Amino acid sequence: MEKNKKLKSWGEMIKFNHRAFQIFYKRYPQMVLSRFISVIWTSLTPYAGIYLSALVIEELAGSRNIERLRFLVLLTLCAAALIAFCSAFLNKWKATQNAGLLFKVEHIFSEKLLDMDYVNLDETETAELLSTIRQNQNGGGWGLYRVIENYEDLCSSVLTLLGGFFLTVSLFTSRVPESAGAYTVINNPLFVILVIIIMFLITYIAPALSNKAGSYWALNADSHNLGNRLFSFFGWLGYHKDIATDVRMYRQDKMCERHNRDKEDTFGSNGMFAHLSLGPIGYYSAASSAVSVIFTGVAYTFVCLKAWAGAFGLGAVTQYIASITKVSGGASSLISTLGDMRNNASFIAQVFEFLDIPNNMYQGSLTVEKRRDRKYEVEFRNVSFKYPGSDTYALHNVNMKFEIGKRLAVVGRNGSGKTTFIKLLCRLYDPTEGEILLNGIDIRKYNYAEYMMIFSVVFQDFKLFALKLGENVAAKVDFDSDLVVDALRKAGFAEKLSAMQSGIETYLYKDYDKEGVNISGGEAQKIAIARALYKDAPFMILDEPTAALDPVAEAEIYSKFNDIVGDRTAIYISHRLSSCKFCDEIAVFHEGEVIQQGTHASLVADESGEYYELWHAQAQYYTE
Ligand code: ADP
């Protein structure tokens, strides 16, 4: 993972910001347009006020023609009213288009996560990178979110600068009359150039100092990430409903207080950022503010000197003071925005590091033949697998062929490789060595979505959504009610379903509907089985499918297992060997290898085998 050790170059700054801007513009053009039109409007319209009020003052201080004065005042008022009206309208438009900007940014990450190879999703590096990006975003506002604001500021400062510049040109070109005596020195081009240089230097120095202060945050981003990570968990301990019981039982809140304090060590009054704020960040910020004030002093002195010497009238003084302040403000803002964009480039680089994680796995294009007879033959051929970053084989030289329409049980101790075997079959990972074949062709060559259509899996750690029961079973918003009810009935959920007032329209849990129904672990498992049945795939994989069921429900599922599975090929992982007896074949895994394979009767007869040992270890609970 890339660390924010040094600032990006100006070239990289342009490249990263431009790419980030394109992302927003392609997805949300209206949002970007609303921002730009609003900023153009708010940057340029103040000059109308400045110009018109200067005319009014000029008239008051000069010829005092009542007709012209009335006209100018009326014009100023009308212009102000029209500007206010349009500004309010634009603000509304912008607010509507920009609602949920943070959500829009999150959506970009979420889409990438959903699209990513599972193997990358599962990697610690990916989780850390995403966590860093989010910490930077939530802690200092750095990253994608800031890009759109920076572009807006860039546009605003350039326009302010240009508008002010046009109204200021005559300040430098107007001449003091010869009658002003010694003051005519102001007309000397060298004097004018000197003033411009001083103003330019001050305009440059103030934001440069402020950017320097900001760069300490960018350069030390890694350090405050840990504090932020601690904060985002321990600071919100009470909000985590899933740990509420354990926290109460073991008073873990006391244990967590320590880590909460660690967070304060980062951000508290003795932390690094407090020291930086009292040290260089503070000095640079203070110096920046002080230098800005000097600019105002120089501008006032120059304008007043010229007016005093008779170069222009009172009305022009207000115009020049206002417009030169705008020029300076615009230039300052331009420099500080460019500096901010450069500081932010390191953070955007991390966002792209994440968004550019390549999708290598799911590139296959072969279509999977649709067969009514469900004759899909899958074979593991010399398959070995190591998890990314691990030196040991989780699976080693596995050879297995699934007999079409047969029931295969996969048994073995914890950590023997059973779940890994299923994950490879479902292409969540690809084998490190060897290959898995579907009808004789390496599964990597198939289109992934089509390949997945042949499997229904109930994983051990399956999850249901707080949505309608029917949507959970069908994994679709538009579901076939009869098929949903049938699947639930087959999975043993009929009784509970009949007690639900809204039937399959009932919401699970109460997150989105207070009439929602909380379900037990066993009921959830039945719904997960129903979901696998609804998909109606040729392969049915059940990973510990009855672990959360009570003995009665478990017995009920087993007795109906043949009905449930029908003519599908079934793969069944279980710790409870008694529940595997009815399978046509049993494969015994041990330390990543298939060490025995056969029927229950043949395996239990081999007294020297692992199966015999496992069977007898459990026999006291599940006697024949
Ligand atoms: P089982 O399902 O038989 O309990 P698993 O297939 O889950 O076993 O695990 C097989 C081996 O792979 C174990 O040693 C386990 O620690 C390791 N393992 C499982 N998941 C991962 C992972 N995501 N990263 C690294 N090692 C893993």
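The values are calculated or read from the model by the stated rules, or taken from the named source; none is laboratory data. Since the structure is predicted, the reported quantities are computational estimates derived from the model, not experimental observations. We place every Cβ from the backbone using ideal geometry, glycine too, and count neighbours over all the protein chains shown. To get the accessible areas, we keep the full protein, side chains included, count just its heavy atoms, and leave off ligands, DNA and RNA. Shrake-Rupley method; radii C 1.70, N 1.55, O 1.52, S 1.80 Å.
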Given the Cα atoms of the chain, and with Rh set as the inverse mean 1/r over their pairs in the Kirkwood sense, what is Rg to Rh to two decimals? 1.16
Which one, Q30, A528, S332, is farthest towards the positive end of the dipole of the chain when Lys and Arg carry +1 and Asp and Glu -1 on their Cβ? S332
Using the heavy atoms of the protein chains and a 1.4 angstrom probe, tell me the accessible area per residue for the chain in square angstrom. 52
From phi via Karplus (6.51, -1.76, 1.60), per-residue ³J(HN,Hα) for the stretch 90-97 in Hz, x at Gly/Pro: 5, 4, 4, 4, 5, 4, 5, 5
In the stretch 1-138, lysine pairs 8 or more places apart or on different chains with C-alpha atoms under 23 Å apart total 14
Suppose we keep just the DSSP beta bridges with both residues in the chain; what percent of those would be antiparallel, to 5? 45
Roughly how many Å is it from the Cα centre of the stretch 308-360 to that of the stretch 553-624, as a whole number? 71
Output the direction-averaged projected area (hull surface divided by four) of the convex hull of the alpha-carbon atoms of the stretch 497-624, in nm². 10.0
Violating pairs (Cα-Cα greater than 21 angstrom) within the set K468/K510; K490/K510; K241/K463: K490/K510
Quick one: if you stick a label point 7 Å off each Cα along the C-beta vector at K445 and I193, how many nm between them? 7.7
For a quick check of understanding: with a 1.4 angstrom probe and all protein chains in place, what accessible area in square angstrom does H240 have, to the nearest ten? 50
How far is helix 10-27 tilted, in degrees, relative to the longest principal axis of the Cα atoms in the chain, given as a value from 0 to 90 rounded to the nearest 10? 70
Can you give me the solvent accessible area of C304 with a 1.4 Å probe, rounded to the nearest 10 Å²? 60
R576 to M500: FRET efficiency via 1/(1 + (r/R0)^6), r the Cβ-Cβ distance, R0 25 Å, to the nearest 0.05? 0.25
With +1 on the Cβ of every Lys and Arg and -1 on the Cβ of every Asp and Glu, and nothing else charged, how large is the dipole of the chain about its Cα centre, in debye rounded to the nearest 20? 2760
Angle between the chain longest axis and helix 314-355 axis [Cα atoms, degrees, rounded to 10]: 20
Run the quick spin-label model on D567 and N518: label points 7 Å from Cα toward the beta carbon, then report their separation in nm to one decimal. 4.5
Let me check the size of the stretch 6-117 from its C-alpha atoms; what are the radius of gyration and Dmax in Å? 22.5, 78
With angles folded into 0 to 90 degrees, how steeply does helix 280-308 sit against the dominant principal axis of the chain? Use alpha carbons for both and round to 10. 30
Where the only charges are on Cβ atoms (+1 Lys, Arg; -1 Asp, Glu), what is the dipole of the stretch 237-391 about its Cα centre, to the nearest 20 debye? 380
